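Report on the structure given below.
The values are calculated or read from the model by the stated rules, or taken from the named source; none is laboratory data. Keep in mind that this is a model prediction, so the values were computed, not measured. Note: ideal-geometry Cβ built from the backbone for every residue, glycine included; neighbour counts use all protein chains shown. Note: accessible area is taken over every heavy atom of the protein model, side chains too, but ligands, DNA and RNA are not part of it. Shrake-Rupley method; radii C 1.70, N 1.55, O 1.52, S 1.80 Å.
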Amino acid sequence: MWDFRTEPDFQAKLDWMDTFVREECEPLDLLFPHIGQPYNTENAAARAIVKPLQDRVREQGLWACHLGPDLGGQGYGQLKLALMNEIIGRSMWAPTVFGTAAPDTGNAEILAMFGTAEQKSRYLQPLLDGDIVSCFSMTEPQAGADPKEFVCAARRDGDEWVINGEKWFTSNARYAAFFIIMAVTDPDASPYRRMSMFVVPAETPGIEIIRNVTVMPDREELDEGTHGYIRYNDVRVPADAILGGPGQGFEVAQARLGGGRVHHAMRTVGKCRRAFDMMAERVLSRRTQGELLADKQMVQQFIADSWIELAQFRLLVMQTAWIIDNEPHGAARTNIAMCKVAMAKIFGDIIGRAVQIHGSLGVTTELPLYEWWTSVPSLALADGPTEVHKATVAKQVLEGYKPAAGLFPSEHIPTRRDAARARYADILKEYGLV
């Protein structure tokens with residue numbers, strides 16, 4: 001049955017979260033505003049504030065709820081996670097406070113599914129406790145996110161694997177305690193069986209961070225880059241550092257990327273809502289030409305378009321979460337791609353209108369709109385370019401269709417009319433209509 005209601009007990013948790021994120025997490029965004037700081041475990045002042053907040057989240061039973069009870073979470077389905085993440089998405093620090101920061105969430109799932117007992121003890125438990133952070137080293141400078149073009153390789157040498165090559169845009173590498181690296185182990189295999197996944201401690205000799213790449217609105221002169229351009233120089237790891245098995249790297253990666261994409265979308269709903277709230281407050285506070293902005297028809301169009309787009313996007317995300325929870329694995333593939341495509345567009349539309357409504361103040365660094373606006377292009381590229389996901393949607397949707405059987409389209413009126421006349425010829429003849 002379709003049902004848009006939220007059970008009262010869980011709604012109470014959402015209400016607690018909403019107040020907590022606004023009152024406790026959003027102030028952290030002001031004290032430690034750089035996007036890398038939630039991952040900087042050496043920032044003692046920030047950790048002194050965050051640790052008690054994380055304890056309060058645990059007391060509410062809301063810590064790392066995407067994980068099962070055996071890993072300290074609630075094992076919530078995607079629909080509940082969607083309702084939670086749209087609140088968490090209001091704040092940059094909230095994912096860290098709630099134990100849901102990417103890429104750590106996906107890496108935790110990989111270790112839980114494919115890690116050995118020793119790996120879980122060494123890496124997974126500290127990650128779940130929020131004591132360390134990790135990174136996911138997949139994309140390459142010459143290939144982007146296309147695994148068929150990867151050349152960073154690992155070769156077997158006795159009881160070890162030796163990794164050589166370069167990786168691009170490994171987020172939070174400078175703060176990570178360990179790396180999960182995708183490398184080619186069998187270049188002659190089929191495209192999706194060429195690669196394997198490895199867990200590698202950050203202190204392993206041969207890991208060279210060429211530079212930490214800055215993105216909008218980072219400042220290179222202040223060394224604010226958080227996306228590592230990395231070269232692996234004869235990085236040696238033991239044979240059991242492989243996750244899954246040889247040739248299973250693509251499968252391991254897909255186990256984490258689908259959830260990551262939809263969680264990005266869930267959090268984007270929250271950020272869109274926050275921008276909309278700012279816009280609504282502004283139009284009810286400012287006057288021009290003798291009346292409130294809210295009374296201007298163009299402004300009303302901004303409000304209406306933003307609210308409608310947000311509602312549509314939110315429903316798409318919720319439907320996707322419901323499919324993941326209730327349908328066979330893979331059934332939500334098209335919906336996840338749709339969320340990825342819609343995410344950056346809707347976010348950009350709403351943020352753009354909010355900037356315009358706030359006038360000169362909207363383009364200053366005195367409001368969060370500036371940083372959100374500059375993050376739109378990055379959001380369109382996160383977890384794969386928007387255009388790639390549009391192609392996925394088109395291909396998947398078209399599989400449900402077939403070409404026209406005849407010369408004309410199936411909706412061709414003369415052809416259909418002739419068929420209808422043939423079907424009812426006797427009746428039409430009886431009544432003198434032919």
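Remarks
- Average accessible area per residue (Å²) across the stretch 273-330 - probe 1.4 Å, nucleic acids and ligands excluded: 63 Å²
- The lysine pair tally for the chain, using Cα distances under 26 Å and a gap of 8 or more places or different chains, is 26.
- If you take the Cα centroid of the stretch 73-144 and the Cα centroid of the stretch 200-261, the two points sit 15 Å apart.
- Helix-only mean residue ellipticity at 222 nm for the chain, each DSSP H run of n ≥ 4 adding -39500 (n - 2.57), per residue, nearest 500: -14500 deg cm²/dmol
- Rounded percent of accessible protein surface that carbon and sulfur make up, the stretch 11-167, 1.4 Å probe: 53 percent
- When both bridge partners sit in the chain, DSSP labels roughly 85% of those beta bridges antiparallel.
- Shown is the FRET efficiency for ASP186 and LEU398, computed with R0 = 30 Å from the Cβ-Cβ distance and rounded to the nearest 0.05: 0.35.
- The chain: DSSP helices with Cα axial extent of at least 27 Å and average Kyte-Doolittle hydropathy no lower than -0.5: 249-283, 297-326, 333-357
- Entry comment: accessible area of the stretch 17-61 is 51 Å² per residue, from protein heavy atoms only and a probe of 1.4 Å.
- Within-14-Å neighbourhood charge of LYS120 [Cβ basis; K, R +1; D, E -1]: -4
- FRET efficiency estimate (nearest 0.05) - Cβ-Cβ, GLN254 to ASP157, R0 25 angstrom: 0.35
- Under-5 Å amide H pairs with GLY36, H placed in peptide plane, nonlocal only: none
- Cα gyration tensor shape of the stretch 256-331, rounded if a/c is under 1.5, else prolate or oblate by comparing a/b with b/c: prolate
- Whole-percent carbon and sulfur share, accessible surface of the stretch 199-316, 1.4 Å: 49 percent
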